[in-house]
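As structure tokens, the structure follows; a few thoughts come after it.
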Amino acid sequence: MKELERCIEVYGRDIYTFCLWLAKNQEHAEDLYQDTFLTAIEVIDRIDSEENMKSYLLSISVRIWKNRKRKWAWRNRIAPTTVLEEDFYVDLAYEEEDSVLEEEKSAVLKSAIAALPEKYRVIILLHYMEEVPQEKIAAILHVPIGTVKSRLYAARKLLKLELEEYFYEQ
């Protein structure tokens with residue numbers, strides 16, 4: 001338990017931020033964050049403290065999030081529900097930006113990442129935001145390393161096309 005408490009102290013903020021990016025909603029992100037650590041508590045005896053704990057916690061978050069999406073999609077097929085308009089933009093800035101222009105660039109980048117298809121967005125977030133190596137991403141998502149590389153390439157290409165319009169239009 002001491003090891004898990006240390007993990008919460010060291011990686012808690014990173015895991016929470018990652019959950020915000022995945023869920024796109026603070027309430028769902030908090031649930032995902034809480035369930036990540038509850039699951040970690042349940043499997044604490046199987047966790048090797050010598051391994052990268054952050055990657056292990058990120059993989060738990062991704063697995064829970066995918067399960068929830070699958071359940072929601074299944075339930076929605078059985079009994080469709082109407083979704084109220086929600087603002088999916090999550091302000092992840094913890095410090096105030098120096099200028100309005102920097103805030104706008106940051107918002108454009110965040111919305112471009114949020115607009116990526118799920119399979120690309122998760123890889124971009126893991127690779128650039130959480131700085132997880134490609135081999136660990138492959139292990140987290142249970143896909144071959146080649147798939148990670150090709151999705152990362154495709155995601156960069158999509159982001160470049162999306163952001164060229166904004167940053168190089170002038």
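All of the numbers you see were taken from the coordinates with simple rules; none came from a lab. Note that the structure is predicted; figures quoted are calculated from it, not measured. Glycine gets a Cβ as well: all are built from the backbone with ideal geometry, and neighbour counts include every protein chain shown.
Taking other residues whose beta carbon is less than 15 angstrom from the beta carbon of K149, and scoring Lys, Arg as +1 and Asp, Glu as -1, yields +4.
Given K24/K157; K119/K149; K69/K119; K105/K160; K54/K136, which pairs have Cα atoms separated by over 18 Å? The pairs that break the limit, which is 18 Å between Cα atoms, are K24/K157. Other residues within the sphere of radius under 10 Å centred on the Cβ of I113, judged by their own Cβ, net out at +1 (K and R +1, D and E -1). Per-residue 3J(HN,Hα) values for region 144-153, derived from phi via the Karplus relation 6.51 cos²θ - 1.76 cosθ + 1.60 with θ = phi - 60°, read x, 4, x, 5, 4, 5, 5, 5, 5, 4 Hz in sequence order (x marks Gly and Pro). Each residue of region 19-34 is assigned a 3J(HN,Hα), and the resulting list reads 4, 4, 5, 5, 7, 6, 7, 4, 4, 5, 5, 5, 5, 5, 4, 5 Hz, derived from the Karplus form 6.51 cos²θ - 1.76 cosθ + 1.60 (θ = phi - 60°), x at Gly and Pro.
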